[in-house]
Each structure stands twice: as C-alpha cells, then as structure tokens.
Amino acid sequence: MALASALNLNNSYVKLVDEITTISTITVDAEISSTLDLNGHNVIFNPTVDDTAAFVNNGNLKIKDSAQTDEVAGYITRIAQSYYLIINEGTLTIESGGFGIMNEDVSSVIINNKDCNAVNPATLVINGGFFSSNDDSSVIINNKDCEIENAAFLMIEGGNFKSVRGKCSKK
C-alpha cells in the first residue's frame with residue numbers, strides 16, 4: 001500500500017490528499033520517524049478478518065490533522081471486525097484528528113505496549129484529537145503495563161474522549 005510505503009521512509013511527512021479505504025494493516029517499522037497529516041481526509045479500515053489492526057507503530061509516528069479547526073475533519077476509523085484500531089509498540093504522538101471504532105467492537109481504540117516490552121516500552125503522547133468507541137466493552141486507551149517494572153508511558157495533555165457505553169481508559 002502506498003501509505004505504508006510512504007510512512008516507512010525515514011523523516012517523511014505524508015499529507016493525505018484524498019480519503020483512503022484499506023483492508024490491510026499499515027505498519028511503521030522500528031527506527032523510522034514519520035508524520036501522517038490527515039489534512040481533513042479519512043483513513044477507513046475495513047478488514048475482512050478479525051485480529052487485524054489498522055495501524056501498528058513500531059517506530060516514531062506523529063499523527064495530526066492540519067485541516068482541523070474546532071471540528072474534527074479527518075478520521076482514522078475501523079468499520080468492521082473486532083480488534084484494535086492502533087497498536088503502539090514505539091513512540092506515538094497524536095496532535096489532532098479523529099480516532100474511533102464505529103462497529104460493535106470489543107477492543108480498544110489504541111493499545112499501548114501490547115507486546116509488554118519491558119526493555120523498551122511504548123510511549124503514547126496525546127496532545128489533542130477526538131477518540132470514540134461505540135461498544136460497551138471497549139476501552140478507548142489501553143495502557144498495558146503487563147505488571148512489569150518499566151511499564152508503558154502515557155501522557156495526555158489534551159483531546160476529547162467519548163465512549164458511548166464503555167470505558168475511557170484502562171491501566
């Protein structure tokens with residue numbers, strides 16, 4: 001997929017010019033730093049199988065929406081199957097944009113440190129954005145500490161969180 005290839009060029013700045021619909025996971029490799037600018041456009045993840053995330057970040061990824069004003073313009077959404085929207089195993093910084101699971105999904109919008117890496121745990125920084133879930137068993141942010149000494153790092157400086165029936169955070 002072109003988006004995954006572009007994001008895996010080190011120090012890339014990828015600005016969307018149109019909506020993207022995909023059934024494939026977009027992975028950012030370790031040792032890669034890149035920025036995804038939604039620019040008012042959506043990334044719609046419509047997988048055909050369960051246990052497939054829209055994004056897996058192993059590197060240093062920043063997501064923002066330069067078109068966002070008071071209203072969210074660009075979204076990253078999951079519309080089918082059950083699993084996480086974003087798995088973060090690297091450093092993920094969210095500046096703006098919308099992030100949500102639109103189907104009746106039993107999962108998290110973002111899971112931080114899913115693989116329980118104690119040596120180099122994941123870092124998630126949320127400075128803004130809108131995060132939503134439609135299911136009563138979903139968690140918006142799952143900061144998985146796995147009962148390890150060096151747990152995942154989560155810093156929330158801003159953003160709006162809406163869980164229709166579920167939880168907004170989990171340890």
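The values are calculated or read from the model by the stated rules, or taken from the named source; none is laboratory data. None of the values given here were measured: they were computed from a predicted structure. Neighbour counts are summed over all protein chains in view; Cβ atoms, including those assigned to glycine, are modelled from backbone coordinates with ideal geometry. What goes into the accessible areas is simple: the full protein's heavy atoms, side chains included, and nothing from ligands, DNA or RNA. Shrake-Rupley method; radii C 1.70, N 1.55, O 1.52, S 1.80 Å.
Hey, ASP51 hits all of (1) over 17 Å from THR22 (Cβ atoms); (2) open to solvent by 40 Å² or more (accessible area, probe 1.4 Å); (3) not aliphatic (A, V, I, L, M) but one; which does it fall short on?
For ASP51, the exception is condition (1).
Scan region 93-118 residue by residue and report those that are open to solvent by 10 Å² or more (accessible area, probe 1.4 Å), over 16 Å from ASP51 (Cβ atoms) and either of a type in the set (A, V, I, L, M) or modelled with pLDDT under 85 (or both).
Scanning region 93-118 gives MET102, GLU104, CYS116, ASN117, ALA118.
Collect the residues in region 54-70 that are more than 12 Å from the chain's Cα centre (by Cα) and either surrounded by 22 or more Cβ atoms within 10 Å (Cβ to Cβ) or closer than 14 Å to SER24 by Cα (or both), keeping them in residue-number order.
Matches in region 54-70: ASP65 only.
Could you check, for region 22-31, whether at least one of its residues is loosely packed, with under 12 Cβ neighbours inside 10 Å, at pLDDT below 95 and not in a loop (DSSP other than H, G, I, E, B)?
Checked region 22-31: no residue is loosely packed, with under 12 Cβ neighbours inside 10 Å, at pLDDT below 95 and not in a loop (DSSP other than H, G, I, E, B).
What is the number of the single condition among (1) among the aromatic types (Phe, Trp, Tyr); (2) closer than 25 Å to PHE153 by Cα; (3) modelled with pLDDT of 90 or more that PHE45 does not meet?
(2)
For region 37-77, give me each residue that is in contact with a Leu (Cβ under 6 Å, 6 or more places away or on another chain) and in a strand (DSSP E or B).
ASN57, LEU61, ILE63
Quick check on region 71-92. Is at least one of its residues out of contact with any strand residue (DSSP E or B) (no Cβ under 6 Å at 6 or more places or on another chain), without any contact (Cβ under 8 Å) to a residue 12 or more places away in the chain and open to solvent by 40 Å² or more (accessible area, probe 1.4 Å)?
Yes, that holds for at least one residue.
Looking for something more than 21 Å from ASN8 (Cβ to Cβ) and either in contact (Cβ under 8 Å) with a residue 24 or more places away in the chain or within 12 Å of the chain's Cα centre (by Cα) (or both) - is there at least one such residue anywhere in region 22-41?
yes
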